[in-house]
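Inspection log for the structure reproduced underneath, given as structure tokens.
The values are calculated or read from the model by the stated rules, or taken from the named source; none is laboratory data. The structure presented is a predicted model; accordingly, all values stated were derived computationally and were not measured. Counting neighbours? That spans all protein chains shown, and the Cβs are built from the backbone with ideal geometry, glycine included. For accessibility, only protein heavy atoms count, side chains too; no ligands or nucleic acids. Shrake-Rupley method; radii C 1.70, N 1.55, O 1.52, S 1.80 Å.
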Amino acid sequence: MSLTDLSMAEALTGLAAKKFSAAELAEAHIKAMGKAQALNAFITETSELALKQAKESDARRAKTSAGAMDGIPIAVKDLFCTKGVRTTAASHILDNFVPAYESTVTQKLFDAGCVMLGKTNLDEFAMGSSDITSHFGPVISPWSGADPAGAKRKLVPGGSSGGSAVAVAARLAIAATGTDTGGSIRQPASFTGIVGMKPTYGRCSRWGIVAFASSLDQAGPMTRTVGDAALMLRVISGFDEKDSTSVDQPVPDFTSAIGASIKGLKIGIPREYRMDGMPPEIEALWQKGAAMLREAGAEIIEISLPHTKYSLAVYYIIAPAEASSNLARYDGVRYGRRVAGGNLIEMYENTRGQGFGKEVQRRILIGTYALSAGYYDAYYLKAQKVRRCVRNDFNEAFKKCDAILTPTAPSTAFAIGEKQDDPIQMYLNDVFTVPVNLAGLPGISVPAGLGADGLPLGLQLIGRAFDEMTLFKAASALEKAAGFNHKPPFTG
Amino acid sequence: MSIDAKTVAKIAHLARLKIPAEEQPQLAGELNKILDWIAQLDEVDTAGFEPLASVNDAFLRGREDVVNDGGKPADILANAPTSRADFFAVPKVIE
């Protein structure tokens with residue numbers, strides 16, 4: 001088996017048994033990255049750093065003091081600040097920004113021995129579901145064909161963590177970090193046939209992650225197996241005094257959930273997720289997933305989440321409102337790009353007018369409008385009240401069940417150029433994932449099958465706050481039953 | 001509540017975004033479409049529901065009011081487009 005096909009668990013076993021070195025593992029992945037340039041998965045490649053870290057890992061292991069992920073080559077979404085390595089958020093306004101500090105999540109990964117291959121492409125400021133809004137050009141899914149760059153329909157990887165999803169799916173990295181504000185880990189995981197996990201809000205520190213919508217953003221693992229996600233989540237979780245929303249909760253050994261029995265576990269099926277016009281293959285896969293969990297010993301019950309249909313509208317007020325506030329810091333004064341103007345105000349306006357792309361500007365405008373005098377109550381407060389209704393729905397549901405099963409996305413991957421005329425059509429991609437962020441709950445997408453077009457489809461499991469253990473149990477059972485072992489037609 | 005080009009110009013100025021005049025009408029159309037779609041929230045009876053600002057209902061954790069970092073002007077200015085001495089530099093603001 002090729003070194004780039006190994007799961008994280010397999011790679012760690014091989015490293016421990018001295019079957020190969022971390023340097024060899026890093027070199028194999030760097031070679032794969034070289035072959036996969038056309039996918040545009042990385043904004044910045046850090047091969048030299050990776051080789052240096054890999055050699056350090058080998059030296060540690062020789063002294064028998066290896067960390068939990070020692071020697072594992074990973075890709076990092078270019079939204080995590082990395083000390084001395086350019087961090088752009090895929091935006092023109094930050095394309096020359098080199099942080100002087102390390103995000104808590106990447107620090108934890110380095111402390112555990114990870115090797116960083118590079119910084120992955122994303123939608124600008126993580127605002128999108130397709131990766132087509134990056135200043136550095138779109139990411140192309142390896143599912144587009146054996147020659148993805150020459151394919152007639154170049155498929156999107158989903159977004160916003162599309163570069164990370166592609167790096168993992170195309171075997172350019174064993175795992176990657178993502179961030180998820182409305183589905184940005186889970187939807188690209190579904191589109192590319194990998195596992196994507198959004199933890200409970202407060203589980204992972206947001207410190208050093210370029211902020212989009214602070215009450216919704218969470219970092220999480222993107223991997224090829226549920227077990228790898230459990231291992232990686234344990235590494236990146238934990239209380240951090242530098243993030244005021246970080247929650248001081250014990251971090252269990254999530255890997256102990258893998259393969260555990262789900263006998264008697266109650267899985268809820270929310271009737272409101274049966275949307276009008278949902279493709280029959282999505283409905284069929286969902287039912288198949290429920291049958292697999294029942295077969296594994298779970299009890300399937302119907303539940304109701306009555307405010308589901310309002311979640312997207314709530315999200316498209318709250319997220320832009322928080323973004324308009326968070327992105328106020330990009331003013332051409334302290335960091336990032338500056339465009340000159342006749343006076344200070346003109347300098348701000350020119351800098352932001354030229355530095356931000358169209359979708360980011362649209363969201364800043366919506367957010368500014370929703371927060372402006374006279375509209376605050378009608379839009380922002382109203383959205384926050386409906387957000388409480390959405391969360392109350394989940395609270396009620398979790399009195400009856402232990403986890404919830406839904407589709408991850410309403411379709412398989414679409415092609416670059418499709419769904420681009422109408423922002424609302426694009427927003428609908430996140431219809432099943434957004435409610436989870438509004439309620440701050442953990443969610444995981446597990447690859448469960450292929451659509452009629454031969455493209456991957458994921459199923460989502462949603463859990464109680466801080467009960468990732470139950471979620472991993474159910475996800476592991478689903479993974480085992482689904483037996484998804486499809487590889488994209490192109491790999492690095 | 002409909003947005004016209006003039007409103008776009010006003011919000012853009014509030015947000016310190018330069019939007020060329022010729023782009024404002026189209027943007028007004030796009031924003032109206034999004035706001036019309038968001039208006040579905042009016043169907044929800046939210047009487048008696050408190051706004052939910054954060055899922056962590058507990059108050060934001062504080063910390064000791066002490067200096068625990070600093071003394072690194074070179075790091076802080078490293079990414080500044082322009083700086084003079086130990087300060088960020090901006091266009092003249094006092095005539």
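The order of the peptides B:17-28, A:457-468, A:124-135, A:188-199 by mean Cβ neighbours within 10 Å, most packed first, is A:188-199, A:124-135, A:457-468, B:17-28.
Taking the Cα centre of segment A:61-203 as reference, the dipole from Cβ charges on Lys and Arg (+1) and Asp and Glu (-1) amounts to some 300 debye.
Going by the alpha-carbon gyration tensor, a ≥ b ≥ c the square roots of its eigenvalues, is chain A rounded (a/c under 1.5) or, if a/c is not under 1.5, prolate (a/b greater than b/c) versus oblate?
Cα axes put chain A in the rounded bin.
Ordering A:258, A:462, A:193 by the projection of their Cα atoms onto the charge dipole of the protein assembly as shown, which places +1 on the Cβ of Lys and Arg and -1 on the Cβ of Asp and Glu, puts A:258 at the extreme positive end.
Charging the Cβ of each Asp and Glu at -1 and of each Lys and Arg at +1, and nothing else, the dipole of chain B about its Cα centre rounds to 600 debye.
Share of carbon and sulfur in the accessible area of chain A stands at 51%, probe radius 1.4 Å.
With both residues required to sit in the protein assembly as shown, DSSP beta bridges show an antiparallel share near 65%. Here is the interface size for B with A: some 5400 Å² of accessible area buried, both sides summed, with a 1.4 Å probe. Sorting A:256, A:411 by accessible area puts them as A:256, A:411; the probe is 1.4 Å, largest comes first, and only protein heavy atoms count. Give the shape of segment B:40-92 as rounded, prolate or oblate, defined through the alpha-carbon gyration tensor: a ≥ b ≥ c are the square roots of its eigenvalues, a/c under 1.5 means rounded, and otherwise the shape is prolate if a/b is larger than b/c and oblate if not. Oblate. For the set A:491, A:106, solvent exposure ranked by accessible area (probe 1.4 Å, protein chains only) runs largest to smallest as A:491, A:106.
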